[in-house]
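K.L.:
For reference, the structure I am asking about is given below.
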Amino acid sequence: VQLQASGGGLVQAGDSLRLSCAASGSIFSILAMGWYRQAPGNQRESVATITSGDNTNYADSVKGRFTISRDNAKNTVYLQMNSLKPEDTGVYYCRTVQYGIDYWGKGTLVTVSS
């Protein structure tokens, strides 16, 4: 499975961004997908996940501001990020697990200035 994340950038607090993660090499519709982030000096943390049945889960810090969604026709998972805060700054990664193997995309950097 190959994952390619995109959509990061430099924004101001309160702005919005949409991240995309395109998957290939597997049947996308059966995959649970997740977005993770790593801020400088911090461990990587889960931000949002979505199952093949569209069940979603969010970190408390992003609930009500971020929305994860998927488009199986495009083999893509999205992360809509609204009301961004400086503490949302970090490298964002998409991830999936198939047959017990962890797959990570290269990260995309999100920087939120105050």
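The values are calculated or read from the model by the stated rules, or taken from the named source; none is laboratory data. These numbers were taken from a predicted model, which means no experiment stands behind them. In this analysis, Cβ positions are derived from the backbone assuming ideal geometry, glycine residues included, and neighbour counts consider all displayed protein chains. Ligands, DNA and RNA are excluded from the accessible area calculation, which covers all protein heavy atoms including side chains. Shrake-Rupley method; radii C 1.70, N 1.55, O 1.52, S 1.80 Å.
K.L.:
For residues in region 1-31 being open to solvent by 30 Å² or more (accessible area, probe 1.4 Å) and within 14 Å of TYR93 (Cα to Cα), which is farthest from the chain's Cα centre (by Cα)?
P.N.:
GLN2
K.L.:
Next question, about the same structure. Please go through region 50-96 and give me each residue that is surrounded by 13 or more Cβ atoms within 10 Å (Cβ to Cβ) and either among the aliphatic types (A, V, I, L, M) or touching a helix residue (DSSP H, G or I) at 6+ places or on another chain (Cβ under 7 Å) (or both), ordered by number.
P.N.:
ILE50, SER52, ALA59, VAL62, ILE68, ASN72, ASN75, VAL77, LEU79, MET81, LEU84, VAL91, listed by residue number.
K.L.:
Further question: Under 7 Å between Cβ atoms, at least 6 apart or on separate chains: pull out the pairs that start in region 46-57 with a residue that is free of Cβ contacts under 8 Å to residues at least 40 places away in the same chain and end on any residue that is of a type outside the set (A, V, I, L, M) and not in a strand (DSSP E or B).
P.N.:
Final answer for the pair search is SER52/SER29.
K.L.:
Right, GLY41: within 18 Å of VAL110 (Cβ to Cβ) and in contact with a Leu (Cβ under 6 Å, 6 or more places away or on another chain) or not?
P.N.:
no
K.L.:
Between residues in region 98-114 that are closer than 15 Å to ALA23 by Cα and assigned to a loop (DSSP other than H, G, I, E, B) and residues that are modelled with pLDDT of 90 or more and hydrophobic (A, V, I, L, M, F, W, C), which pairs lie under 6 Å by C-beta distance while being six or more apart or on different chains?
P.N.:
Note: pairs meeting the criteria are GLY105/LEU3; GLY105/ALA5; GLY105/CYS21; GLY105/CYS94; GLY107/VAL91.
K.L.:
Sticking with this one: So which residues in region 81-104 are more than 25 Å from GLY64 (Cα to Cα) and small (Gly, Ala, Ser), if there are any at all?
P.N.:
Across region 81-104, the qualifying residue is only GLY100.
K.L.:
Suppose we keep only residues that are outside any strand (DSSP E or B) and among the β-branched types (Val, Ile, Thr) within region 43-65. Which one would you say is modelled with the lowest pLDDT?
P.N.:
THR51
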